[in-house]
1. For Leu187 paired with Glu260, estimate the spin-label separation in nm (one decimal), with each label point 7 Å from Cα along the Cα-to-Cβ line.
2. Cα-Cα over 29 Å: which of Lys106/Lys184; Lys141/Lys204; Lys2/Lys52?
3. Under 15 Å from the 7 Å Cα→Cβ point of Asp168, by amide nitrogen: which residues of region 98-133?
4. Counting residues in region 123-187 as N, plug N into 2.2 N^0.38 Å and put the Cα Rg over that result.
5. Glu281 to Ala142: extension gain in nm, 0.36 nm per residue of separation minus the Cα-Cα distance?
6. Please compute the modelled spin-label separation between Lys106 and Arg216, points set 7 Å along Cα→Cβ, answer in nm with one decimal.
7. Magnitude of the Cβ-charge dipole of the chain, K/R +1 and D/E -1, about the Cα centre, nearest 20 debye?
8. Compute the FRET efficiency between Gln209 and Lys52 as 1/(1 + (r/R0)^6), taking r as their Cβ-Cβ distance and R0 = 25 Å, and round to the nearest 0.05.
Amino acid sequence: MKVAFLFPGQGSQEPEMLHHLISHRAAEEVLQEMSQTLGFDVRVADSENALKSTISIQLALLASGVATARVLIQSGVQPIAVAGLSIGAFAAAVVAEAISLSDATKLVRSRAEEMEMMYPSGYGLAALIGLNETQVSGLVKAVSSETDPVFVGNINAPRQIVIAGSIDGMKEVLSRAVELGARKAELLPVSVPSHCPLLQPIAKSLREQLRSMQIRDPQFVYISNVKARAIRSAVGIATDLADNIAHGVRWHDATSVAQELGCQRFLEMPPGHASSDLVRENLSEVEAFPVVSGSIDRLFKRAQS
């Protein structure tokens, strides 16, 4: 059965997530390499206090995703495609061998530091469930202004959409969404307006950093965030890694592409289960489940059956 690896984005983090990884040499090597690159033990990024920082969250997610995927691969579970939501794209690119773990660590740290610096308060993300993209786009267009900008961010499912922008502007969108029939409309515990034009300066910075790094054609198909397309070139991956922070993520379309490539089983790297839940809810005739720590033998039996 053809397999796709999914790498979650910010919001899936959990305290102690790096202390609950599958016990395996491959996972330990990832933690050691990232720690050496950072100049400190990456495991400290997963404490409850540390995870209040965007920097710690994104580094912990990179470590968790790459470590778990490498354990799976070294144990015989080979994906044909990889896809990462937002920050998860960096883990996907590392696992596809398009970029080194050391370079990805440097990029993720820089990306997160710039995000925290640009928008320390007053901005963030909000989630809407029950309205389609056309409806949400209409609300955003009606509310967004120069002083309180709002943008459509992630299309996680046909009726599960994330918006980004100023808190005040998003609150107005949420209020109108409820009146329009949204089942859920709430601010998310994310302090940065990810995946919208407000973060274009960070995309420019990432493009400049990527020029000095070696990016290679992927060993597995990499599915992009921005265009939700199968990418098989180094140039395409570099463009997506830089640009996805300033563009909406078409996550539902990305997982649909994986299905079109023949993937029937979707494995979500830890922590969390939101991405595999979305696959089960919105794609037919596929299996999806999160990879969790525990018995390695049981895990691989399930992943390969």
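1. Here the answer is 3.8 nm between the modelled labels.
2. On the way: Lys106/Lys184 37 Å; Lys141/Lys204 26 Å; Lys2/Lys52 37 Å.
Too far apart for the 29 Å limit: Lys106/Lys184; Lys2/Lys52.
3. 121-124
4. 0.93
5. Working: separation 139, 0.36 × 139 = 50.04 nm, distance 3.04 nm.
Here the segment from Glu281 to Ala142 would lengthen by 47.0 nm.
6. If labels sit at Arg216 and Lys106, their model points lie 1.7 nm apart.
7. Magnitude of the dipole: close to 580 debye.
8. Numbers: r = 26 Å, r/R0 = 1.03.
Taking R0 as 25 Å, the efficiency between Gln209 and Lys52 is 0.45.
Coordinate-derived values only; no laboratory data. As the structure is a prediction and not an experimental result, all values here were calculated from the model. Quick reminder, even Gly has a Cβ in these numbers, built from the backbone with ideal geometry, and neighbours come from all protein chains shown.
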